[in-house]
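Trainee: Take a look at this one; I'll ask things after.
Bear in mind that the values in this text are calculations on the coordinates, not laboratory data. Owing to the predicted nature of the structure, the values given are computational and were not obtained by experimental measurement. Glycine also receives a Cβ, built like all others from the backbone with ideal geometry; neighbour counts cover every protein chain displayed.
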Amino acid sequence: MAVSAGYREYVCDRIAEVKPVVASTMFGGVGLYVEGWLVALIDDDTLYFKVDCDNVRDYIKAGMEPFQPFGEGSKPMHYFELPADVLENPFEMEIWLRKSLQAARDRRARTRLRPASRNQGRRGRSPAILLAILAGISSPVAGQGGTDIFMAPLSRAGERLIVGTPTNATARPGYDNQPAFTPDGAAILFSSARPGGQTDILRYNLASRRTEPVTRTPENEYSPTVTPDGTGFTVIRDTSQFLTRFSLDGSSPRIVFERIRPVGYHAWLDANTAVLFVLGAPATLQMADTRTGDAVTLAWDIGRSLHKVPGKIAGSFAQRMPDGAVYIMELDPATRAMRPLVRALEGSQDYAWTPWGGILMARGNVLYEWHPSRSAGWQQVARFEDPALARISRLAVSPVGDWVALVADEPAP
């Protein structure tokens, strides 16, 4: 349905009061992206927010209706009309938007809602229909519940990379993701959505296999990365999208770059230089300097995986090409020169460097390695038969190369 320019601008202005938003035309309507996630739709000058089993009751209680793209009686999507008073109240908007952002990240919300009755009015749904909507969202059968982090021993025998048996380090329903090793290789920091939807940074000790909280703030923190001096770590905070630094014990948060946001991902090249994935349409690669607080844009339409190249002051990122191919590129921060290293595996976007100068990527349940000294391209390293490792995404390798962390989607029960 048509969306008027005035209503689109009005909605974006209201959302932008609490969080940066990117609007994109889609299927005749408008999709609204926050932190790179599709959190809302505008259709026929009506705003719909993303829902899951945790926040859908708020909409039902307010008497709101689900979005039915093909009219009454068609299959509802996981979006409900936002109450008009929420749109006018920045405080309420932040609460409802945060819940929808969490729903957008939650795979359970991808379960289809059941069709609505053709004879129901906009405010006259029966209890049976409301229960059907709730059941359709929260059913664990058709959806998946999150991600887990697996730890596997890693070693080399000549040119052969050997991966030991992975162990599930998180082993609980929900979102556990974005692992980053501490400089001593004794632990990983990771993002974890705890009960109630709050996402904090946790630490997992490899020797004791114990997990402990690091941050305990009202805001959500993502993408922990230890700073080059080893005295703190930086994260992305979701309500502001600023890069924020904490001490290693999770205290003393402070914004690193006051003039740069919304940041989605980052990597440190040296004590003063960071490369940033800055959200937008398209996302951009920016190189920022802590001494000036400024950044320069170097590339457009990049992937989320940013890294420091081991053994040199250089960065790497994934660049999407006009023909759809994705190449892992190396960046020289001094000259700003960029060169392609290798074409990424089809359908994969996350990678990690090894201390031996190679790159690991996964596709499905198979782990591959590329090394610049070989001409054969990507070589299979391991195939995991455990169903829990059927869909591997993010990876991280310890500083000395004795462990690899693998993030995998939780399998459906």
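Trainee: What is the total of Lys pairs in the chain with C-alpha atoms under 16 Å apart, excluding same-chain pairs fewer than 8 positions apart? Write out the running numbers ahead of the final one.
Mentor: Details: 19/50; 19/99; 50/61; 50/75; 50/99; 61/99.
Number of lysine pairs found: 6.
Trainee: So what's the angle, to the nearest 10 degrees on a 0 to 90 scale, between helix 5-16 and the longest Cα principal axis of the chain?
Mentor: Once rounded, the angle reads 60 degrees.
Trainee: Could you give the length gained by full extension between residue 172 and residue 334, i.e. 0.36 nm per residue of separation minus their alpha carbon distance, to one decimal place?
Mentor: Stretched out fully, the residue 172 to residue 334 stretch lengthens by 53.9 nm.
Trainee: Between 198, 89, 10, whose Cα lies farthest towards the positive end of the dipole of the chain when Lys and Arg beta carbons carry +1 and Asp and Glu beta carbons carry -1, centred on the Cα centre?
Mentor: Ranked along the dipole, the leading option is 198.
Trainee: Going toward the positive end of the dipole of the chain, with +1 on Lys and Arg Cβ and -1 on Asp and Glu Cβ, which of 153, 290, 178 do you reach last?
Mentor: 153
Trainee: Also: Hull surface divided by four, with the convex hull built on the Cα atoms of region 147-409: how many nm²?
Mentor: 13.8
Trainee: Give me the distance in nm between label points sitting 7 Å out from Cα along the Cα-to-Cβ direction at residue 254 and residue 341, one decimal.
Mentor: In this crude spin-label approximation the distance works out to 3.2 nm.
Trainee: Now for a different question. Can you give me the long-range amide H partners of residue 269? Hydrogens built in the peptide plane at 1.01 Å from N, cutoff under 5 Å, separation of 5 or more residues or another chain.
Mentor: Correct list: 274, 275.
Trainee: Still on this structure: Show the residues, 5+ positions off or on another chain, whose built amide H is closer than 5 Å to the amide H of residue 171.
Mentor: HN-HN under 5 Å from residue 171: 149.
Trainee: If you keep only loop residues by DSSP, which GluC sites (Glu not before Pro) in region 180-288 have at most 10 other Cβ atoms within 10 Å of their Cβ? Numbers along the way, then the final one.
Mentor: Numbers: sites: 219, 221, 258; in loops: 219, 258.
Passing sites in region 180-288 are 258.
Trainee: To continue, here is another question. Taking R0 as 30 Å, what's the FRET efficiency between residue 323 and residue 38 from their Cβ-Cβ distance, rounded to 0.05?
Mentor: E(calc), rounded to 0.05, equals 0.75.
Trainee: Among 225, 345, 367, which residue has its Cα positioned farthest towards the positive end of the charge dipole of the chain, with +1 placed on the Cβ of Lys and Arg, -1 on the Cβ of Asp and Glu, and the dipole taken about the Cα centre?
Mentor: Working it through, the farthest residue towards the positive pole turns out to be 367.
Trainee: Quick check: the angle from helix 127-138's long axis to the longest principal axis of the chain, C-alpha only, nearest 10 degrees?
Mentor: Between the helix axis and the principal axis of the chain, the angle is about 10 degrees.
Trainee: Follow-up. Per the helix-only calculation at 222 nm, which mean residue ellipticity applies to the chain, given -39500 (n - 2.57) for every DSSP H run of n ≥ 4 and division by its residues, nearest 500 deg cm²/dmol?
Mentor: -3500 deg cm²/dmol
Trainee: In terms of modelled amide H atoms, which long-range or inter-chain residues lie less than 5 Å from the amide H of residue 342?
Mentor: 328
Trainee: Calculate the spin-label point distance for residue 24 paired with residue 165, positioning each point 7 Å from the Cα along the beta-carbon direction, and give it in nanometres.
Mentor: 4.3
Trainee: Starting from the 7 Å offset along Cα-to-Cβ, what nm value, one decimal, do you get for the label separation of residue 212 and residue 17?
Mentor: 4.3
Trainee: Okay, next question. Expressed as an acute angle from 0 to 90° and rounded to the nearest 10, what is the orientation of the C-alpha long axis of helix 90-105 relative to the principal long axis of the chain?
Mentor: It works out to around 60 degrees.
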